[in-house]
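Below: one structure, written as structure tokens.
The values are calculated or read from the model by the stated rules, or taken from the named source; none is laboratory data. Source: prediction; values computed, not measured. Counting neighbours? That spans all protein chains shown, and the Cβs are built from the backbone with ideal geometry, glycine included. Ligands, DNA and RNA are stripped out before the accessible areas are found, and what is left, the full protein with its side chains, is counted by its heavy atoms. Shrake-Rupley method; radii C 1.70, N 1.55, O 1.52, S 1.80 Å.
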Amino acid sequence: MNEEVTKMPKDPVCGMYVEESEEALKVTVRGTTYYFCSETCMDTFLRPEVELRNLKTLIALSLALGIPAFLLSYIPLLEPYMNNLLLMLLATPVQFIAGGRFYKGFYHALRARSANMDTLIAIGTSAAYFYSVVVTIQPFLPLQLNFPEATYFDASTLIIAFILLGKYLEHLVKGKASDSIRKLMDLQPRMAHLLTEEGEVDVPVERVQVGDVIVVKPGEKIPTDGVILDGYSSVDEKMITGESIPVEKSVGDQVIGATVNKTGSFKFRATKVGSDTTLSQIIKLVEEAQVARAPIERLADVVSSYFAPVVIVLSILTFLGWYVVFNKPFALAFASLIAVLVIACPCALGLATPAAIIVGTGKAAEHGILIKGGEHLEKAYKLSTIVFDKTGTLTKGRPEVVDLIAENLSTSEVLSLCASVEIRSEHPLGDAILRKAREEGVEIKNISDFEALPGLGIKAKVNRKSVIIGNKKLVGQLSVNMEVQEQKILDLERDGKTVIILLVDGMVEGILGISDTLKEEAKDAVKELKEMGLQVIMLTGDNKRTAEAIAKRLEIDEVIAEVLPKEKTEVIQRLRKQGKVVAMVGDGINDAPALAEADVGVAIGSGTDVTIETGGIILIKDNLMDVAHAIKLSRKTMSKIKQNLFWAFAYNTSLIPVAALGYLNPILAGLAMGLSSVTVVTNSLTLRRYKFD
């Protein structure tokens, strides 16, 4: 292709080069102008659901007419002429209505001085169709051609049906980008409690301006980004930071829109609204990553771009050689031309990729792995680096009591006292203690004089004893001697655990270590991926100490901690610029931009809807071993696709010289074409025997 053509803009749907002109189909989305070769491609880009509906209609038309045509070709119900006429009536709507898009693609390929799959499909099906038309009407032609009475109407119709089915499967998940953006937008609260001179007024979030004072009550989503002016609470920021434990917030602290206020009530001043909020920036990142991702270049298209022109030239040379050079009858010359085109018709080529993908993705689905189409399969087998989110992906995503150290009391007594006091608390760490108490079956005692100490802990009376549960800061304020326990506390903190201290009548009686626990299969999954030659990285918004402690237990060598969603995306971009093919594995809203930016986004099935929509591979069973299983299956499927592409050409290309020399009539050419399709489908079906380790 010359330099002038390569400077043309590309259609983002079909990859065709489009001339820039006033008449060109174009649309501007968020400041970027896209050019399209046809209204079909433009509709596919803007409204993928319309394209899916059109494809379903065209497939139904092709099969409804193609299957009877196939049956009538081998079991004729009428005398030959009438049977062929009936076949022509069945095939014509398929050829020009269902197959119309291939003629458009062929036309635009010619304008761009290139060739693609549409070129071969249009020429091959047209050769079969128009040759069959000539055979059907030859009794009425002034020139007696003496062609055989056999026609190829069934071939042209079923080729179009099969290839449309493949396109339908490829387009099936194209509309997911808009779904994921919509789900992100749904996270934004609709109303805000605006504080005015007249009092508290409920207004739509869109009306909130920078500087407005907003009231947030327990259990509500925070309407927009801001700074707390009055009050105290804990806020669940997992969707942004990945941190499973809610963050204590007081006067002067930043709050993020769409995060969830857990316990207290507070007032805050809005600092960012509309498109400037953190959530809006996440939406923008997901949008940009999905739109910017170039369509995958399929091997079949690359081969077709070279194969199609060669076949066309060979067919013309065949005709001229027989008719002009060797002065053979027109019928023989034209039959040889048709035989070359039919034997090269890409029926098996059109099936090579979708057949393997259908079987491969079906096998994966049986095992609880949802792979969204061929693009993700093709990229997964090339992966070199796997990036894991921590919270909710490698870990269970909720705090649990993992260490319980008793001093003078028994461990059950320590747990009983802690649970008895925490039952009046709404703090998430208290929930972890209560869950542990229920598991152990310890007694919950009556308490009195309960008091919450914001940001520090809680205290109460249990059987006339003063019981205080809190952090190191609280114990330090009370001037309690902790020299004996200091090393134990440091060891717990070094392991990334949150330390809770139990004081009874001013004495340290217990120490609890609380952390997010690893999933049971996490270590084996990391080991399996490393044995497959893949680099494994942990990427998390959690603090560095906790992340490194988790990574050490999993034997992950590289950790990138304390990163926000935008920074996660930048990390993925940096890895890709280094030439690595990257998969991002995550479950939270904060992972969505990175999932979209990665070559392959792997979403945990227990994660949020938007993460699942953004991911290209979904692990329905929430089992990390399925990351390795998905990659292994993708490698096996891609191996089958390459084998299919070989067989798709093996029969046809080996018989092209035979057809050109006049030793292969169109009937045998059609049989060879069908045999290559059977081989491709049969080879793909062997994937059903694939065993997951």
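Restricting the search to region 433-483, which residues are open to solvent by 50 Å² or more (accessible area, probe 1.4 Å), modelled with pLDDT of 85 or more, in a loop (DSSP other than H, G, I, E, B) and not polar (S, T, N, Q)? Across region 433-483, the qualifying residues are G441, E443, I444, R464, L478.
Selection of region 374-412 for residues being part of a loop (DSSP other than H, G, I, E, B), within 23 Å of A596 (Cα to Cα) and either without any contact (Cβ under 8 Å) to a residue 24 or more places away in the chain or open to solvent by less than 20 Å² (accessible area, probe 1.4 Å) (or both) yields L383, D389. Across region 653-671, the qualifying residues are those that are part of a helix (DSSP H, G or I) and at pLDDT 70 or above, and the one among them that is surrounded by the most Cβ atoms within 10 Å (Cβ to Cβ) is A659. Taking the conditions (1) among the small types (G, A, S); (2) touching a Pro at 6+ places or on another chain (Cβ under 9 Å); (3) modelled with pLDDT of 85 or more in turn, G15 satisfies each one other than (3).
Is one or more of the residues making up region 593-605 modelled with pLDDT under 75, open to solvent by 10 Å² or more (accessible area, probe 1.4 Å) and either over 21 Å from A365 (Cα atoms) or under 15 Å from the mean Cα position of the chain (by Cα) (or both)? Yes, region 593-605 contains a residue that is modelled with pLDDT under 75, open to solvent by 10 Å² or more (accessible area, probe 1.4 Å) and either over 21 Å from A365 (Cα atoms) or under 15 Å from the mean Cα position of the chain (by Cα) (or both).
The conditions are (1) out of contact with any strand residue (DSSP E or B) (no Cβ under 8 Å at 6 or more places or on another chain); (2) under 28 Å from L539 (Cα atoms), and H376 fails exactly one of them. Which is it? Every listed condition holds for H376 apart from (1). From the list K519, K552, the lone residue that is in contact (Cβ under 8 Å) with a residue 60 or more places away in the chain and surrounded by fewer than 22 Cβ atoms within 10 Å (Cβ to Cβ) is K519. In region 24-47, is there at least one residue being closer than 27 Å to Y168 by Cα, modelled with pLDDT under 85, aliphatic (A, V, I, L, M) and touching a Ser or Thr at 6+ places or on another chain (Cβ under 9 Å)? Among the residues of region 24-47, at least one is closer than 27 Å to Y168 by Cα, modelled with pLDDT under 85, aliphatic (A, V, I, L, M) and touching a Ser or Thr at 6+ places or on another chain (Cβ under 9 Å), which makes the answer yes.
Criterion first (assigned to a loop (DSSP other than H, G, I, E, B) and surrounded by fewer than 24 Cβ atoms within 10 Å (Cβ to Cβ)) does K363 satisfy it? No, not satisfied. A count restricted to region 344-373 and to residues that are over 24 Å from Y690 (Cβ atoms) and at pLDDT 75 or above stands at 0. I'd like to check something: does region 534-547 contain any residue that is free of Cβ contacts under 8 Å to residues at least 40 places away in the same chain and either aliphatic (A, V, I, L, M) or open to solvent by less than 10 Å² (accessible area, probe 1.4 Å) (or both)? No: zero hits. Residue selection: F162 satisfies the criterion of being under 24 Å from T353 (Cα atoms) and open to solvent by 40 Å² or more (accessible area, probe 1.4 Å). Scanning region 624-637 for residues that are assigned to a helix (DSSP H, G or I) and open to solvent by less than 10 Å² (accessible area, probe 1.4 Å), which turns out farthest from V600 (Cα to Cα)? Ranking the candidates gives T637 first. Screening region 224-265 for strands (runs of 3 or more DSSP E) wholly inside it with 1 or more residues that are at pLDDT below 90 returns the ranges 233-236, 247-249. Taking the conditions (1) under 22 Å from A549 (Cβ atoms); (2) without any contact (Cβ under 8 Å) to a residue 60 or more places away in the chain in turn, N481 satisfies each one other than (1).
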